[in-house]
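This report refers to the structure that appears directly beneath it.
The values are calculated or read from the model by the stated rules, or taken from the named source; none is laboratory data. On a predicted model such as this, the values are computed, not experimentally measured, just so you know. Backbone-built Cβ (ideal geometry, glycine too); neighbour counts: all protein chains shown. We work out accessible area using only protein heavy atoms, side chains counted, and drop any ligands, DNA or RNA first. Shrake-Rupley method; radii C 1.70, N 1.55, O 1.52, S 1.80 Å.
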Amino acid sequence: MRSLSIVLPLITSACLISAPPAAAQKPKGKDKPKRPDAVGPAIGENKATPISRIKAAKDFKVELLYSVPGVDQGSWVNLCEDPKGRLYVSDQYGGLYRITVPPPGQPLDPKKVEKLSIDIRAVNGMLFFKGALYVGVNDYEAKIPSGVYRITDTNNDDMLDKVELLREFESKGDHGVHAILPAPDGKNLFLISGNGAKPTKWAENSPVPKVYGEDHLLPRMPDGRGFMRDVMGPGGTVYRFDPEGKNFEAYATGFRNIFDGAFNRDGELFTYDADMEYDFNTPWYRPTRICHVVSGAEFGWRNGAGKRPEWYPDNLPPVINIGPGSPTGVTFGYGAKFPAKYQNAFFALDWSWGKLYAVHLEPNGASYKATKEEFLSGAPLPLTDAIIRKEDGAMYFTIGGRRVQSGLYRVTYVGKESTEASGRSDTSGKVKLRHRLESFHGKQDPKTVETTWSHLADPETNIRWAARTSIEHQPLASWSDKALNETDPARQVEALLALARCAGVCPQHRSNGSNTSHKTDEAMRAMLLAALVKLDLAKLPTPQQLTAVRTIEIVLNRFDGCDDSQRQALIAKLDPLFPAATFEQNWLLCETLSYLQDPDAAAKGMALIAKAVTQEEQMEFARSLRMLKAGWTKELRTQQLEWFLKAANYKGGASFDKFIEFIRTDSLATFTDAEKTALAALIEKKPEKKSVIENLGAMFVGRTPKNWTLDELASAAGAGMKNRSHANGKKMFAAAACFTCHRFDNQGGMTGPDLTGAGGRFSPADLLDNIINPSKVINEQFVPSVLTKENGEQVIGVVVNLSGDTVQINTDLTDPNQRVGVDRKQVKSIEPSKVSPMPPMLLSMLTKEEILDLIAYVLSGGDPAHAMFAK
């Protein structure tokens, strides 16, 4: 048999660092050539990323108006327009600047950039509103308090001169006080804040009910590197406040680090939330995401491994996942002299990957669905903010942040499509129903329960959410009995979730947003668990079953566990359901039964680990089993220890290895002394380091590789895409190392395109062509860059981060945490690679039937009910 390392080259083969060519000679003295403008220099050189390094959508023109002299004017992060059409920009670590914009086609006169002589700094958000400039200050150096300020011109000389602190926030790092937005009612304002801004005192009429909690059934694993390990829920918060700053309402919570937000024409708010790159390839990793921010929303950020998956019933899902990145500014295209498609787009900026996305939103019942398009990109292009200027209908954007080189750019449309103003409105009957339900948020109204109760069973997530949130604002006495005695299971699971959240919080803690250290209400716990056990869980549709089991977890968490008779009743109810048909069901069941010390959970959980094809699924089950003491045998303990030896070769973000270590440490703590003695050698055994391909190689032993051609596979696909195997397709997706780089159905890597929606873009033949000929068309978001240094050395990979003079490059797509730092002053040029980081011949060890199952799995979006799997 030929070596797998030849047949399936390590995925890093196209991402490398190469030495200078033999003929390359470093020029000396005056003969040294000038560095071309293909590189964005560091602060001090005063040259922003040139237009030659920026790619925009067809028929859009990009102009570099101004390269910011960093030593004098800093690194720009925020942008807004004043009533006279002038631009205001802010230095992340300094003051404000006012700019008179030049006509189209002309560069900016440096004399038209004036520094404002006002006592304000570190502005992360700006808005002119009712004759004043409102700013969000996030001062990393604590020279002035972070918070919301109002700045006015008191003597009408066209110069701002009075600074008022309206609300101080305790804030730290990049995750603090950010954008300020005008409310759709024209009367109030909204503040966008990340999870580094400690929640301010909420008004009693806040749409978010003060019943949030950590709600971890098993002990939380904090971030492996200690990042924000002391920061608990509710996380980043969107506030609605009055212009005087007196009344701050919590409008939505559960974000990681939102920097900006924007309302559409119908008054619906959207934001772009950050991922946690340290979590790459863990089951709790959540990509950067576009969120529809509805009244009373909770989006589930919690520290470390506690982030809630988007399918949890006690948080809302995103409209669309974008991928890895660092979200910064957002804006709708309203007022732009662009084609209608882009006027209605939601533009979202990514700082680290240098992408400006056009997100195309479409109404979808009470919320929206979306597709994304790469509108503009560059490398490096640390995008910070963008606006549509009313005066000329152009887009203006800035680059900068973290003391990297800043620049101001303008984007205009030069094509032939109409740029007539588009006034599309998207309000539907379902949206109006949601608004009607939301009108009960933040207040107690006797009509609420009667009006909203029936909507707890609505098939739409956002309607159920609005109804349940309305009920959570009402006195418990007005609806608790109704929840416990409801006969419709669909309504009851939602009502019991609300009751668990509200009854698990003592009244004295409602006033300060904390649900800790309360006295257990044993009577309420007994009634809740009795109602949940009474449900026929096996007959519930999967979403309702997930809600019921998640509610059991919340009851056990908020009511300090259960007594032994309740424990036995829960095991008797849940154990027959485990294992279930879906990963989501097994996630909750394995976790809950491990907490309950079900003696059957060890065997069932280890069987799931052995069967799971993704490291995320394996890791999740191992995380739950780490706290299980009952039901272990020597054989099962051996399997558990052998899995840790295997998992030592799995790759992920910066905290991945520490999370595996945490799971192993907790697991060993459940071993008896006898188990530790009997398995001492295996406990002490060190893992053997293997490559991604070597880890997959065992299933291919004895096979002869085949160089499949597109013609033969496309022909087979044309006649054979029926009666395929979903389970085998997923297995082959893993066997071909696809999960290593590609996200699919909320699992897998982040260094290649998300393939979940591939069925809407590719035919079987097109998908096969992309696999067999990966360099034929390279996805723009993941095109590697070739950095050539002055000495001829080349670094090939993806630019993933910037800091001052250093460009961070990922040169190994199998290891998302791997970085190579390159000094930008030493870079001669940056060019896009013509070679895909995805190697050819990834299908060479698979049979034809296995390949067809893999193709069916991808094109189905992972849906086992797809017609291709029908028998």
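Carbon and sulfur atoms: what percent of the 1.4 Å accessible area of the range 377-470 do they account for?
Numbers: 1790 of 3840 Å².
On the range 377-470, the fraction of accessible area on carbon and sulfur atoms equals 47 percent.
Expressed as a rounded percentage, what relative contact order does the range 300-416 have, with Cα pairs under 8 Å and six or more residues apart?
On the way: 237 pairs, mean separation 23.1, N = 117.
Across the range 300-416, relative contact order equals 20 percent.
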Fraction of accessible area attributable to carbon and sulfur, the range 557-677 (%, probe 1.4 Å): 52 percent
Accessible area (Å², 1.4 Å probe, nearest 10) - Tyr134: 10 Å²
Heavy atoms of Val71: accessible area, 1.4 Å probe, square angstrom to 10: 120 Å²
Å² of accessible area per residue within the chain, as computed with a 1.4 Å probe and no ligands counted: 39 Å²
For the range 179-187, 3J(HN,Hα) per residue [Karplus equation, 6.51 cos²θ - 1.76 cosθ + 1.60, θ = phi - 60°, Hz, x = Gly/Pro]: 6, 10, 10, x, 6, x, 6, x, 10
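Given a cut-off of under 8 Å on Cα pairs at least six residues apart, what relative contact order in percent is computed for the range 517-656? Each step should come with its number before you reach the end.
Values: 110 pairs, mean separation 26.1, N = 140.
Relative contact order comes out at 19 percent.
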All aspartates and glutamates inside 20 Å of Lys246 as judged from Cα atoms, apart from same-chain residues fewer than 8 positions distant: Glu164, Glu168, Glu170, Asp185, Glu204
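Subtract the Cα-Cα distance of Ile144 and Leu682 from 0.36 nm times their separation in residues, and report this length gain in nm to one decimal. Display every interim value, and only then the final one.
On the way: separation 538, 0.36 × 538 = 193.68 nm, distance 5.63 nm.
Contour length minus the Cα-Cα distance gives 188.0 nm.
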Pairwise label distance in nanometres, Phe128 with Val533, each label 7 Å out on the Cα-Cβ vector: 6.6 nm
Inter-label distance, nm, simple model (7 Å from Cα along the C-beta direction), Thr709/Asn485: 7.6 nm
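Sort Glu850, Glu362 by accessible area with a 1.4 Å probe, largest first.
Working: Glu850 25, Glu362 95 Å².
Result, largest first: Glu362, Glu850.
Relative contact order (percent) for the chain, with alpha-carbon contacts under 8 angstrom and 6 or more residues of separation?
Working: 1948 pairs, mean separation 119.3, N = 871.
Normalised by residue count, the contact order of the chain is 14 percent.
Ranked from the most accessible area to the least, with a 1.4 Å probe and all protein chains present, what is the order of Lys84, Lys210? Write down the numbers at each step before the final one.
Details: Lys84 130, Lys210 25 Å².
Result of the area sort, largest leading: Lys84, Lys210.
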C-alpha center-to-center spacing [the range 144-212, the range 292-364] in angstrom: 21 Å
Solvent-accessible surface (1.4 angstrom probe) belonging to Glu460, in square angstrom, nearest 10: 40 Å²
Spin-label pair Asp72/Ala648, simplified geometry with 7 Å Cα→Cβ offset, distance in nm: 5.8 nm
Exposure ranking of Asp157, Asp754 by accessible area [1.4 Å probe, largest first]: Asp157, Asp754
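With n ≥ 4 as the cut-off for DSSP H runs, can you work out [θ] at 222 nm for the chain, using -39500 (n - 2.57) per run divided by the number of residues, rounded to the nearest 500?
Value at 222 nm, helices only: -7500 deg cm²/dmol.
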